[in-house]
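For reference, the structure discussed in these notes is given below.
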Amino acid sequence: MGKAAEWVRNGLAVLAILMLGYWLGAGSAVKASSYSDNVEFQLTGVNETGSLLVYQPATKTVYVYRGVTVGNSALQCSVKFQMDKPGGVIHRLPCPLQSLNP
């Protein structure tokens, strides 16, 4: 009987930790930035519909990579957004095709 109570206690503890993690992270994106070339990136949704957004402040450009967690490991930029100033016109442009050879 003691073994069953221990399993239940451990199961409830794991469930509580998972619920706390979900509550703290629900709806939030994973954000990070790199220290080289002043490039920032954001990973939204770690699932089939997730996207990786890469922002390059020097050119005021956001690059969008769709479906980053599924399919081929070599990803092509889907679309890029450029703007001249905040509140100005945002231009959506197709990304140029890249070669998959390193």
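The values are calculated or read from the model by the stated rules, or taken from the named source; none is laboratory data. Quantities reported herein were computed from a predicted structural model and do not represent experimental measurements. Every residue, glycine as well, gets a Cβ built from its backbone with ideal geometry; the counts of neighbours run over all protein chains shown.
Looking at the stretch 62-102, which of the residues that are assigned to a strand (DSSP E or B) and among the charged types (D, E, K, R) is surrounded by the most Cβ atoms within 10 Å (Cβ to Cβ)? Show your work before the answer.
First, pick out the residues of the stretch 62-102 that are assigned to a strand (DSSP E or B): 62-66, 79-83, 90-94.
The next check asks that each one be among the charged types (D, E, K, R); those that pass are 66, 80, 92.
On the way: R66: 16, K80: 18, R92: 10.
So the residue we want is K80.
Restricting to the stretch 41-61, name every residue that is small (G, A, S) and surrounded by fewer than 15 Cβ atoms within 10 Å (Cβ to Cβ). Give the steps one after another, and end with the answer.
Start the filter on the stretch 41-61 by keeping residues that are small (G, A, S), which leaves 45, 50-51, 58.
G45, A58, listed by residue number.
Going by what's in this entry, would Y65 be described as under 10 Å from the mean Cα position of the chain (by Cα) and among the aromatic types (F, W, Y)? Spell out the reasoning first.
On the way: under 10 Å from the mean Cα position of the chain (by Cα): yes; among the aromatic types (F, W, Y): yes.
Against the criterion (under 10 Å from the mean Cα position of the chain (by Cα) and among the aromatic types (F, W, Y)), Y65 qualifies.
For residues in the stretch 1-60 being small (G, A, S) and assigned to a helix (DSSP H, G or I), which is modelled with the lowest pLDDT?
Pass one, the stretch 1-60, residues small (G, A, S): 2, 4-5, 11, 13, 16, 21, 25-29, 32-34, 36, 45, 50-51, 58.
Right, trim to assigned to a helix (DSSP H, G or I) and you get 2, 4-5, 11, 13, 16, 21, 25.
Details: G2: 76, A4: 79, A5: 80, G11: 72, A13: 72, A16: 64, G21: 59, G25: 53.
The qualifying residue modelled with the lowest pLDDT is G25.
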